[in-house]
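For reference, the structure discussed in these notes is given below.
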Amino acid sequence: MPKVIVEVMPKEVLLDPAGKATARALQRFGDGEITDVRIGKRFEITIEGEVTPKLLDHIAEVAKDVLSNDVIEDVISIRVAD
Amino acid sequence: MPKVIVEVMPKEVLLDPAGKATARALQRFGDGEITDVRIGKRFEITIEGEVTPKLLDHIAEVAKDVLSNDVIEDVISIRVAD
Amino acid sequence: MRVGVITFPGSLDDRDALRAIRLAGGDAVSLWHGDTDLHGVDAIVLPGGFSYGDYLRCGAIAAHSPIMSEVIDAANKGMPVLGICNGFQILVEAHLLAGGLIRNDHGTFVRRDQKLRVENIDTPWTSGYTQGQEITIPLKNGEGGFIADDETLNRLEGDGLVVFRYLEVNPNGSLNDIAGLRNARGNVVGLMPHPEHAVEPGFGPDTPAAMSSGTDGLAMFQSVLRATVLS
Amino acid sequence: MNDHIPDTVENAAATPEKDQPFHLLGLKPDEYQQIRDILGRRPTSGELAMYSVMWSEHCSYKSSKVHLRQFGQKVSPEMTKHLMVGMGENAGVVDIGEGWAVTFKIESHNHPSYIEPFQGAATGIGGIVRDIISMGARPVAVMDALRFGAIDHPDTTRVVNGVVGGISFYGNCLGLPNIGGETWFDSVYQANPLVNALAVGALRHEDLHLANAKGVGNKVVLFGARTGGDGIGGASILASDTFAEGGPTKRPAVQVGDPFAEKVLIECCLELFAGGCVEGIQDLGAAGISCATSELASNGDGGMFITLDNVLLRDPTLTAEEILMSESQERMMAIVRPDKLDAFLEVTTKWDVEASVLGEVTDTGRLVIEWKGQTIVDVDPRTVAIDGPVYNRPMEYPAWLDALQADSPAKFARSTDGDELKRQFLAILGSPNEADTDWITNQYDYYVGGNTALHTPDGAGMIRIDEVSGLGVALATDANGRYCQLDPYVGAQLALVESYRNVASSGAKPLAVSDCLNFGSPENPEVMWQFARAVEGLADGCLELGIPVTGGNVSFYNQTGDVPIHPTPVVAVLGSIDNVARRLPSGWQDEGENIYLLGVTADELGGSVWAGVIHDHLGGVPPRVDFTAEKDLAGLLGAAAREGIVTSAVDLGTGGFMRALADGVLRFGVGARVWIDEIMSRDGVDSTAALFSETQARALVSVAREDDVKFRGLCEGRDVPVVRVGVTDKRPGELEVQGLFAVTIDELRHAHRSTLPTHFGPVVGG
Ligand SMILES: Nc1ncnc2c1ncn2[C@@H]1O[C@H](COP(=O)(O)OP(=O)(O)O)[C@@H](O)[C@H]1O
Ligand SMILES: [Mg+2]
């Protein structure tokens, strides 16, 4: 069955405590090259049938309303997995 | 500064209750095309300097050891963002 | 008998664990995550809390902190190690115990007085209980759902490595109602509920006898004191 | 990096006519003119940023100040006896004996919690906890007083889930037990939920710290999280005004909290205090660096010099104005002696907390801020922090109030039928505001710390402060918006006495008050009248009870559309108890004990739950307040706890006698047989009033048979009316009101516990 991938990231200007803590941890292991980490979500949505443009529109809507919180997050991509 | 994207997903064979709950929520909105949702993580790692093959190897290592727990998760991709 | 309690940044129940050890009659020793030696302790408790905010995965960052390589060494040599809640998650992340702990199936943090069955008394942390004893101790977590693949689960059950099982209510969707585990050797035990919150009358769970009088957790700390004396 | 050219003091003096967007920052034309008069020139954009946030209602209390003064004026020696620090500091400090002191405060985070309920509520907890740390105390517990819209409104689930999740997340991650709070649902809070968070901390007397910058040459250190672009909504306007092209995107007004950073900050601060590394300290909350620098300087030697370039930034593109206004969480500012600076930085390094020296204390009387080598702020800090505008806003007696008060619930028929009264009782017990709040409180950890002696569902929370002696404190919060709508003066006093009685019923002695006054717009004269009356009522009430207001918070502009919320003055009372082992539970545990009702019952159903739930009615006048009776009752409960002659106590509040009985039964599942004929004949009330009246100064206690004589003697000696109303009984598993009805405990439980889960989802373990 086809899959649609939705990616959501915390808004750039807001603090991402999880990313910050992870970056710190990696730096402690001696990864001087890593200056920042941000952690977002990756949804793999399995679809029954065909991925129509209409369905993609629908997913774009739920991505904004349900899968993300648009006050603090951005949906950065929606695509059909290959 | 360049970014490396690491993607981690829960192992297929294991329970993903958060994904299940999300799938149920989406089904309530939609038309039944969505059969399953799995929720993973997307790391955006900002790098100081150049992304060398050596650095990518190193990131592959921390992705496996730190960014994921290989008992329950798989690293599904590591790539330089464009 | 010296029992160490490791404080990681974000540990919360460390002082409770130290108190529990004292109430059990032990010599409680505070250890710091940045330490590189164990200050001569005879047993170790990894306390509850949100080490490093538990942001990446619960226990993931703490499992890589300096003191953990000492803990892993000591555990492999047989030192009794107890992981409570976040401590359990750290032990799992450090691969000292099997499986993984994920977000509760109902999606929220839950605090409740939890009934458990002691399934295995053949560990330094449970020898003071009777086999099959039913106890009530507080549980409080957001990510306490135990998961493992079928093979691991079969091995855990087959080898009798399940130490505590949830009774009546499975509060987080853990497979096989697993609340706590041990390693094959038995010296390393981890559980999600908090025995250190049921050690002092007046501050534990309610019992039919009186308000807040539950002390079912005390035996865990007493067990290890006896075990380390005997060994 | 950012290359925006700062607006310097020099520049400001040279360009007096430059148009400044003061109105977009919330300043009125006359306020802007006042700033120009103070400075003798136009403000720089940095100065404008500072004045605008510090002169906002939220920071300056400009509409409430003239009224709040009463809390400082209406005081008796009795009230100040235990007070180490009173109003005006970050939080009041109360001496509880044995060398211990406690500090506590309640604060609102209402508006952010509607926009982004999770983060809004979470950062509310974070903010109030920093107030407590900045007094030198270790935070030991939190509480939350919540008001949501109608329970069945489609948006309420979003807000409830977010708010409760945020409080749970932040509080639990800090390791602070949540020991109580309140939950109300009412459509008046629909688009304006109230999230009031309380924190309490403990300290030894000698550990007290204050927010002042004293000692010329002492260093000003900013430490904790980096400064980012969160919560600066307005400042970006300023920036774009000075930024010719392209301007920065408007930054979101929400802040994201990091409880882990705060937990580390707490431990770090406590170690700094213990090491004597800190002379003065201030938390950064609303108005960020603007607030911290101007307040510290005003309260100290009067001058400070800061280099803004030294602020560690999360986002390097921030402009000076944005840095001054940023409300990034988890930051503190300390004043450090130069010879202690190394020791200070050693501690922050140990905790992996970033710190930077911004400047030093001066005696110039000026707060001077430099940025990129140029002076962008040069002000008298007092004009920013203390001598802001003060308004005596017009007030008007609400046109609708007389009609509302005249519309008494006396018009409703009273039933004497047992089945009907039982139906009413169960309806009340299951109504949203009386229903069990397990769905919420099960998400809070009350065990952490190992010192929680009372917690939900007890009427007050209690924390042991000294593990050796058992010395502890009890806390309760209360506010009844319905009562306050009927009469804000009496309503505020009712909140006070309810909270006072909750604390007394735990066996503790009430000592001090903190309040969070949630009202509509102060620019509405009727709201302003409500506010003034509530403050007056509270101040008068505190004087009567002999307990001072030690601090609090005012939140205005709470309204849905044009409709203001009911006046909601949340009152928190703190009491102390010599040994928490003597505390009183709120339910009975043994059978065969006598149940006594203390106090007399009048027919008082105005604003009651009975009127609201059974008749969907709000009108008439609220119950009367009798301070003498409250004090006598509290004295009796304290003595009874000390001497161990009652086994439980539960105060009567909303829902009256039946609601208290239900508490007594449900706490441990022990039933009772009760009768009301003696109440009816002694007090001359009918059965509805006996069961549901909300007359104050009453409590139910259970007494073991062997203590019966002693107990009656105690009541007589202290002149507290008492009547035996029942006995506890385990066997039938029910609550029987003789001659009227019986309900099984299962029925009770079902009625009480199913309401919230029906709307918000199951409770784990049912
Ligand atoms: N939002 C909340 N947070 C924490 N505790 C709460 C909250 N809401 C209610 N509680 C607790 O639930 C119990 C019942 O609340 P309430 O009916 O208001 O008590 P009371 O009638 O004794 O004032 C109390 O222990 C109270 O502290
Ligand atoms: Mg109440």
Among (1) of a type in the set (D, E, K, R); (2) in contact (Cβ under 8 Å) with a residue 24 or more places away in the chain; (3) more than 10 Å from every other protein chain (Cβ to nearest Cβ); (4) farther than 17 Å from residue C:87 by Cβ, residue C:157 falls short only on (2)
Out of (1) β-branched (Val, Ile, Thr); (2) outside any helix (DSSP H, G or I); (3) surrounded by fewer than 18 Cβ atoms within 10 Å (Cβ to Cβ), what's the single condition that is false for residue D:66?
(2)
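Going by the conditions given, is residue D:680 without any contact (Cβ under 8 Å) to a residue 12 or more places away in the chain and among the hydrophobic types (A, V, I, L, M, F, W, C)? Don't jump to the end; show me each part of the working.
Numbers: without any contact (Cβ under 8 Å) to a residue 12 or more places away in the chain: yes; among the hydrophobic types (A, V, I, L, M, F, W, C): yes.
Considered against the rule, which asks whether it is without any contact (Cβ under 8 Å) to a residue 12 or more places away in the chain and among the hydrophobic types (A, V, I, L, M, F, W, C), residue D:680 comes out as yes.
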Among the residues of the range A:32-55, is any closer than 30 Å to residue B:65 by Cα, modelled with pLDDT of 90 or more, more than 9 Å from every other protein chain (Cβ to nearest Cβ) and surrounded by fewer than 20 Cβ atoms within 10 Å (Cβ to Cβ)?
no
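Residue D:499: within 26 Å of residue D:607 (Cβ to Cβ), in contact with a strand residue (DSSP E or B) (Cβ under 8 Å, 6 or more places away or on another chain) and away from ligand 2 (no atom under 12 Å from the Cβ), yes or no?
Working: within 26 Å of residue D:607 (Cβ to Cβ): yes; in contact with a strand residue (DSSP E or B) (Cβ under 8 Å, 6 or more places away or on another chain): yes; away from ligand 2 (no atom under 12 Å from the Cβ): no.
No; evaluated as a whole, the condition is false for this residue.
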If I filter the range C:117-139 for residues that are modelled with pLDDT under 95 and within 8 Å of another protein chain (Cβ to nearest Cβ), do I get at least one hit?
no
Which of the residues that make up the range D:626-662 are within 16 Å of ligand 2 (Cβ to nearest atom) and either modelled with pLDDT under 95 or β-branched (Val, Ile, Thr) (or both)?
D:650, D:654
What number goes with the only condition from (1) surrounded by 24 or more Cβ atoms within 10 Å (Cβ to Cβ); (2) within 14 Å of another protein chain (Cβ to nearest Cβ); (3) away from ligand 1 (no atom under 15 Å from the Cβ); (4) among the hydrophobic types (A, V, I, L, M, F, W, C) that residue D:468 does not pass?
(1)
Counting only residues that are farther than 27 Å from residue B:64 by Cβ and surrounded by fewer than 14 Cβ atoms within 10 Å (Cβ to Cβ), which one in the range A:1-31 is farthest from the chain's Cα centre (by Cα)?
A:1
Within the bounds of the range D:533-550, is there any residue that is in contact with a strand residue (DSSP E or B) (Cβ under 8 Å, 6 or more places away or on another chain) and at positive phi?
no
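Yes/no per residue for (1) of a type in the set (A, V, I, L, M, F, W, C); (2) in contact with a Pro (Cβ under 9 Å, 6 or more places away or on another chain); (3) under 19 Å from residue C:105 (Cβ atoms):
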{"residue": "B:2", "(1), (2), (3)": "no, no, no"}
{"residue": "B:9", "(1), (2), (3)": "yes, no, yes"}
{"residue": "B:13", "(1), (2), (3)": "yes, no, yes"}
{"residue": "B:17", "(1), (2), (3)": "no, no, yes"}
{"residue": "B:32", "(1), (2), (3)": "no, no, no"}
{"residue": "B:38", "(1), (2), (3)": "no, yes, yes"}
{"residue": "B:70", "(1), (2), (3)": "no, no, no"}
{"residue": "B:74", "(1), (2), (3)": "no, yes, no"}
{"residue": "B:79", "(1), (2), (3)": "no, no, no"}
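What residue, among those in the range D:478-527 that are among the charged types (D, E, K, R) and more than 15 Å from residue D:549 (Cβ to Cβ), is farthest from ligand 1 (Cβ to nearest atom)?
Step one: filter the range D:478-527 for residues among the charged types (D, E, K, R), giving D:478, D:482, D:487, D:498, D:501, D:509, D:515, D:523, D:526.
Of the ones still in play, those that are also more than 15 Å from residue D:549 (Cβ to Cβ) are D:482, D:487, D:498, D:501, D:509, D:523, D:526.
Numbers: D:482: 14, D:487: 20, D:498: 7, D:501: 9, D:509: 18, D:523: 30, D:526: 28 Å.
Among residues in the range D:478-527 that are among the charged types (D, E, K, R) and more than 15 Å from residue D:549 (Cβ to Cβ), the one farthest from ligand 1 (Cβ to nearest atom) is D:523.
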Pick from D:536, D:544: which is closer than 27 Å to residue D:192 by Cα, more than 16 Å from ligand 1 (Cβ to nearest atom) and either more than 14 Å from chain C (Cβ to nearest Cβ) or in a strand (DSSP E or B) (or both)?
D:536
When residues of the range D:430-444 are limited to those that are farther than 17 Å from residue D:187 by Cα and among the charged types (D, E, K, R), the one surrounded by the most Cβ atoms within 10 Å (Cβ to Cβ):
D:436
Residue list for the range D:18-34, restricted to those being surrounded by 16 or more Cβ atoms within 10 Å (Cβ to Cβ), free of Cβ contacts under 8 Å to residues at least 60 places away in the same chain and not in a loop (DSSP other than H, G, I, E, B):
D:22, D:32
Here the residues within the range D:251-290 that are at the interface with another protein chain (Cβ under 8 Å from one of its Cβ atoms) and touching a helix residue (DSSP H, G or I) at 6+ places or on another chain (Cβ under 6 Å) are D:251, D:254, D:255, D:256, D:257, D:258, D:259, D:260, D:263
Out of curiosity, is residue D:461 within 14 Å of chain C (Cβ to nearest Cβ), within 16 Å of ligand 2 (Cβ to nearest atom) and closer than 30 Å to residue D:645 by Cβ?
yes
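Suppose we keep only residues that are within 16 Å of ligand 2 (Cβ to nearest atom) and away from chain C (no Cβ under 11 Å) within the range D:153-188. Which one would you say is farthest from residue D:760 (Cα to Cα)? Quick ask: steps written out before the conclusion?
So in the range D:153-188, the residues within 16 Å of ligand 2 (Cβ to nearest atom) come out as D:178-186.
Of the ones still in play, those that are also away from chain C (no Cβ under 11 Å) are D:179-186.
Working: D:179: 22, D:180: 20, D:181: 19, D:182: 17, D:183: 14, D:184: 15, D:185: 13, D:186: 16 Å.
Looking at the filtered set, the residue picked out is D:179.
Please work out which residue is farthest from ligand 2 (Cβ to nearest atom), limiting yourself to the range D:502-522 and to residues that are crowded, with 24+ Cβ neighbours inside 10 Å and closer than 14 Å to residue D:535 by Cα.
Residues of the range D:502-522 crowded, with 24+ Cβ neighbours inside 10 Å: D:502-508, D:510-520.
Then keep just the ones that are closer than 14 Å to residue D:535 by Cα; that gives D:513-519.
Working: D:513: 15, D:514: 16, D:515: 15, D:516: 15, D:517: 17, D:518: 16, D:519: 20 Å.
Of everything passing the filter in the range D:502-522, D:519 is farthest from ligand 2 (Cβ to nearest atom).
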Does residue D:213 satisfy the condition of being at pLDDT below 95, in contact with a helix residue (DSSP H, G or I) (Cβ under 7 Å, 6 or more places away or on another chain) and either within 14 Å of chain C (Cβ to nearest Cβ) or within 16 Å of ligand 2 (Cβ to nearest atom) (or both)?
no
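The values are calculated or read from the model by the stated rules, or taken from the named source; none is laboratory data. Being a predicted model, the structure only gives us computed values, none of them experimental. Ideal geometry is used to build each Cβ from the backbone, glycine not excepted, and the neighbour counts take in all protein chains shown.
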